[in-house]
Structures are given as structure tokens and as C-alpha cells.
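Chemist: Here it is, the structure in full.
All of the numbers you see were taken from the coordinates with simple rules; none came from a lab. Everything numeric here is computed off the predicted structure, so don't read it as measured data. A quick note on method: Cβ atoms are made from the backbone with ideal geometry, for glycine too, and the neighbour counts reach across all protein chains shown.
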Amino acid sequence: MKRSASFRLLVFLFAALLLLSGCGEKADAPEIGDAPVESPALNPASPRPESPYPSVKVYFDGLLSDRGYYENETLFLAPDAIAAYFGVSFETQVLDDSFIMSFPGFELTGWQSLDYMIADSRYFYTPNHYLNIEGKIYLQQDLIERLFGVKIQFSADDMTAKLDNGILTLLRGGPDYYTTKFESDELYWLSRIIYTETKDQPMAGLIGVGNVVYNRVHSDDFPDTVYDVIFQRSPEVVQFDPAATNGIFLEPDERSVIAACMCMEGYNTVGDCMYFVNPRRGDSTWFENDLEFVVSIGDHDFYRS
């Protein structure tokens, strides 16, 4: 009996040691986050930067793969997650008020103090700038789509973004991009009308004047080229005062050239407006009586017919 009791005690102690050892292993296991782990490169369960912005779940081909943020009615996404998804090499240098991102064949440079970014000698309108969350850069959805040649479906209702069946088409440009892709004199005249009409206005206003010119080019009621739209006149009416006063021949400043480039990229701040007026410098009665007001930007009121 004594030998049997000792044996049972020994078995009990051995089992207790095994149980304690198992509990220790479980306590050391990593916690699982609220998203699956698809790959080391795309790991939504990894620690996320602290952010004051509402978060957005980002899905690649149906799998939860990253986290974006929503600020000022704009979706911001991390380019490094999408670069990893496509297997694209990618580096970022973050500075105090700017950043430089290196992609194969080009660099993207952005500033918090400017309304645009530059990549491969091309200009992109970024009025909401970018997010820097603990050293990680998040870019506006539109810019992400242009950089990678993809379309992203975003729903503000359930705060989800989806990239489905993405095919990579990395952005391309070059020093002569705007003079070879568009009519040779388009940038020349568009930048000059922007400069003489809006030189001291916000960037959105500069782009808006360029939009009015382009909207006329695409309308059956006006000429078909930038040059002809700017210089259109009749015995009674001059469409743009600088064309009549020769102000159109002044050398444009850098902002006006950049604004013209962004108009050529397709950015639009005034919709389908084809008219604008500075009511503090001219009679706006006809505009107010015969046209539909759309928006004021800086000193200009923009109208559609």
C-alpha cells in the first residue's frame, strides 16, 4: 500500500509539471489581431500606427490586407502595401515637411505646404496633401490610382476599400511629357491665360480658369483648340481680356505653368463651368441673370450656362 500511494503521488506531480509547462507556452504565444495574415509583406495584424483619423479596411483580391484612413472626405492609402502586393521595390525618405518615394524609374516628391506633388516631371493635384502617421506616409486615393494604374472602390458607408484583379501599370512621364502627349502649343497658351487671369489666386482658382478653357474646347459652342478659345472675339465681345490687352504674352510664373500641367492631367475644380468673372473688377449682372452660379474660388465666381 505504501509503495502504491507513493507511486500515485509521483504520477500526480509529473502531470502537474506537464500542465504548468503547457500553460507557459500558451502565455508566450502572440496575440492574433482582428485581421488574417496573408503574407509577411502584407500583415494587417502587425502593430498599426496610432492615428486620430477613422480607419478603413483595405482588401486586395478579397483579402483584408492593409489599413487606410479617411480624412476631409478623402481616402488615404499606404503605397508600400500596394507596392508589396505587386512585388514592386519601394523606398521612402521622410523629412520634416516633405517626403521622397523611390519607385522603379521615378521618384515622387510631396510637401505639406504645397497643393501638388511631382513624379517623373508630372504634376498631381493634392489639395489634402498626405498623412504622416508615425513616419509612415499615406497618399490620396486618386494619386495611388495614378501611380499604380489601378482602380480602387471605396465605400464611406462601411469604410472599406477594394482593389480587385489589379494589373500594375506604373506611372511614366519625362521632361517632355506635356509637350509630346498634348498639342505642342497647348501648355504655352494655357499657362499664359492662367497667369494673366489669376496670378495671385489659390491653386484651385488657377486650375479653375484652365478648366473653363478646356470646357470650351470640348463644347460645340466654342472653338476646338486652346489657342482659338483664348483669342476668340467678335466686334462686340472679347472672351478673355488679356487677349485684347496683350497681357496674354506675359511670361507665366511657375505656379501658372504647374496649374496648366494639372489641367492637362485632368484635374478639375469647377466642374462644367465655361465662364468666370471677378465681380469686384467688372460688371457681373449678365453672369448673375443669364447663367447658373457654381462656386467662388479666390476673387472669381464660376458659372455654367
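Chemist: In whole Hz and in residue order, list the ³J(HN,Hα) couplings for the stretch 53-63 that follow from phi through the Karplus curve 6.51 cos²θ - 1.76 cosθ + 1.60, θ = phi - 60°; x for Gly and Pro.
Modeler: For the stretch 53-63, the Karplus curve yields 9, x, 8, 10, 7, 10, 10, 10, 6, x, 9 Hz.
Chemist: Starting from the 7 Å offset along Cα-to-Cβ, what nm value, one decimal, do you get for the label separation of residue 221 and residue 234?
Modeler: Spacing of the two 7 Å Cα→Cβ label points: 1.2 nm.
Chemist: If packing is taken as the mean number of other Cβ atoms within 10 Å per residue, what is the order of 71-84, 149-162, 98-111, highest first?
Modeler: Descending packing order for the listed peptides: 71-84, 98-111, 149-162.
Chemist: Under 5 Å between amide hydrogens, which residues at least 5 positions from residue 122 or on another chain qualify, with H placed 1.01 Å from N in the peptide plane?
Modeler: For residue 122, the qualifying residues are 174.
Chemist: Continuing with this model, one more query. Apply the Karplus parameterisation 6.51 cos²θ - 1.76 cosθ + 1.60, with θ equal to phi minus 60°, to every residue of the stretch 65-73 and state each ³J(HN,Hα) to the nearest whole Hz, in sequence, with x for glycine and proline.
Modeler: So the J values, rounded to whole Hz, are 10, 6, 10, x, 9, 10, 8, 6, 6.
Chemist: For the ranges 116-122, 254-260, 170-176, what's the packing order if you count other beta-carbon atoms within 10 Å of each residue, average per peptide, and put the highest first?
Modeler: The densest-packed peptide leads the list: 254-260, 116-122, 170-176.
Chemist: Which whole-Hz couplings ³J(HN,Hα) result when phi for each residue of the stretch 77-83 is put into the Karplus expression 6.51 cos²θ - 1.76 cosθ + 1.60, θ = phi - 60°, listed in order with x for Gly and Pro?
Modeler: The phi angles translate into 10, 8, x, 5, 5, 6, 4 Hz.
Chemist: Turning to a different aspect of this structure: Amide H of residue 133 versus every other amide H placed in the peptide plane: which residues, excluding those fewer than 5 positions away on the same chain, fall under 5 Å?
Modeler: Counting only residues 5 or more places away or on other chains, the set is 138.
Chemist: Related question: What spacing in nm lies between the two simple spin-label points modelled at residue 55 and residue 250, each 7 Å away from Cα in the Cβ direction?
Modeler: 5.1
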